[in-house]
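Written below as C-alpha cells is the structure these notes are about.
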Amino acid sequence: MSRPHFLTNASFPRTRMRRTRQTEWSRRMVRENHLSVDDLVWPVFVLEGENRRAPVASMPEVERYSVDLLVDAVGEAYELGIPAVELFPYTDPALKTSCAKEAYNKDNLVCRATRAIKDKYPDMGVITDIALDPYNSDGHDGLVVDGVVLNDETIEVLCKQAINQAEAGCDIVAPSDMMDGRMGAIRDALDAAGYQNVQTMSYAAKYASAFYGPFRDAVGSSTALGQGDKKTYQMDPANTDEALREVSLDVAEGADMFMIKPGMPYLDIVHRIKESFGAPVAVYHVSGEYSMLKAAVQNGWLDNDRAVLESLMCFKRAGADIIFTYCAVEAAKLLQQ
Ligand code: PBG
C-alpha cells in the first residue's frame, strides 16, 4: 500500500486537525458517513402457535414470535421506517427430514409469516433466507448423503424453496447456503415461474464462523448440527481474494445484491467488495457479534447506545449499503432522537 504524500509534520502548527473537531456543529459538517434508518434490515425469528413469544437465551432482548405477534413487531419496525425484515423460522423438530421437504411446503412457517406481513404491511420489504438448515434433520444448509453435503442435488431443492417463498409474496430471496452455482439456477427458476421481479441477494462471502452460534440456538439447528461444522461450503476466515471470486461469480449469475457475513470482524472484505464491484453491498452484524455487545452491556462494561450506533456506523464507513442487525429497531429509535 502506498503512503499518502502528506504524512509529514512540517505543516504543524498551521495545520491543527483538532480545529474542526471542537464543536458538534462542526463535527457534523465534516462528517463523511451517515447512518440512517434506510440502511437497516431487521432479522426476526418466527415460531409456531398463537400469541406466543420465546426469548433466545443466548441473545439478550431477542425474542421469537408466533406469526400474529410477529406482524405487530414488524409493524413497529415499519412505522420506524425500517425498509425490510428477514424471516427465520424455528421449525418443529418433528418436521425436519433428511430431504428438508418442509422448505417447499406452501404452508410452512416462513410462507405463513410472509403472507401475514404482506397482508397488513404491503410496503414492508420481506426478505427470506434460502438454505436448508432450518428443515434438515442434520442441521446442514444442503442435503447430506454419507456425510457429504451434496451441491447440485441441493440446488434443486433450493430452487423449489425460492419459488415457494416467491409465491408466498417475499420481495427478496437471500441464499445463505454457499452451494456453487445456486444464484444462477435460482434466478432461472424464478424467471421461469414468472417471478422476474423478485430480487436476489447472495450471501456471497459467507465465512465458516464461530459467530453464528447464538443464531443456531434461535432457529434450533445447533442440536442437529452437533459437533459438525460447515467448512466444506462456507469460506475460510483466512481468505480475502476468494471473496472477490465468489462475488464475481454471483454478479455473472445475475444476483442483485451481495452480502458479507459476519460483519465487524470482516470489514476489510466489505471494503474490498464495495470498491471492486460498485454494486449494492449488504453486511450481516451476526448473532455472535450482537451477543458479545449485549453481554458487555449487561455487565456494565459498555454503553449500549453508543456501542450500537458506533458498530453500525463502522459498517457504513467500510462501504456497506445495507446492514442486517438485531439492533435495527433500537437503532432506528436512537436515530430519531
Ligand atoms: C443459515 C444461516 C446462518 C445465519 C443466517 N443464515 C447460520 C449458519 O450458517 O449456520 C447466521 C446469522 C447469525 O448468526 O446471526 N443458512
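The values are calculated or read from the model by the stated rules, or taken from the named source; none is laboratory data. None of the values given here were measured: they were computed from a predicted structure. Here the Cβ positions follow ideal geometry from the backbone for every residue, glycine too, while neighbour counts run over all protein chains shown. With ligands, DNA and RNA removed, areas are computed over all heavy atoms of the protein, side chains included. Shrake-Rupley method; radii C 1.70, N 1.55, O 1.52, S 1.80 Å.
Here are the numbers for this structure:
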quantity: Unmet requirement for Y233, which otherwise passes all of (1) more than 14 Å from the ligand (Cβ to nearest atom); (2) part of a loop (DSSP other than H, G, I, E, B); (3) in contact (Cβ under 8 Å) with a residue 40 or more places away in the chain; calculated: (1)
quantity: Output for the range 280-297, where each listed residue is under 18 Å from S202 (Cα atoms) and open to solvent by 20 Å² or more (accessible area, probe 1.4 Å); calculated: P280
quantity: Per-region count, the range 44-79, residues at positive phi and of a type in the set (D, E); calculated: 1
quantity: Residue selected from the range 49-90 under the condition open to solvent by 10 Å² or more (accessible area, probe 1.4 Å), part of a strand (DSSP E or B) and not small (G, A, S), by the criterion nearest to L35 (Cα to Cα); calculated: E63
quantity: Residues within the range 114-137 that are assigned to a loop (DSSP other than H, G, I, E, B), open to solvent by 40 Å² or more (accessible area, probe 1.4 Å) and in contact (Cβ under 8 Å) with a residue 40 or more places away in the chain, tallied; calculated: 2
quantity: Any hit, the range 24-33, residues being at pLDDT 95 or above and surrounded by 14 or more Cβ atoms within 10 Å (Cβ to Cβ); calculated: no
quantity: Odd one out for R18, checked against (1) basic (K, R); (2) open to solvent by 80 Å² or more (accessible area, probe 1.4 Å); (3) within 23 Å of Y135 (Cβ to Cβ); calculated: (3)
quantity: Residue selected from the range 220-237 under the condition open to solvent by 50 Å² or more (accessible area, probe 1.4 Å) and farther than 29 Å from S276 by Cα, by the criterion modelled with the highest pLDDT; calculated: D229
quantity: Residues (of a type in the set (A, V, I, L, M) and free of Cβ contacts under 8 Å to residues at least 40 places away in the same chain) located in the range 236-269; calculated: A238, A243, L244, V251
quantity: The listed residue being of a type in the set (V, I, T), within 16 Å of the ligand (Cβ to nearest atom) and in contact with a Leu (Cβ under 8 Å, 6 or more places away or on another chain), out of V67, V56, V46, V41; calculated: V46
quantity: V308, sole failed condition from (1) touching a residue at least 40 places away in the same chain (Cβ under 8 Å); (2) open to solvent by less than 20 Å² (accessible area, probe 1.4 Å); calculated: (1)
quantity: Helices (runs of 4 or more DSSP H) completely within the range 145-219 that count 3 or more residues being away from the ligand (no atom under 13 Å from the Cβ) and surrounded by fewer than 19 Cβ atoms within 10 Å (Cβ to Cβ); calculated: 152-168, 182-192
quantity: Selection status of G75, under 30 Å from G220 (Cβ atoms), over 23 Å from the mean Cα position of the chain (by Cα), of a type outside the set (D, E) and at pLDDT 95 or above; calculated: no
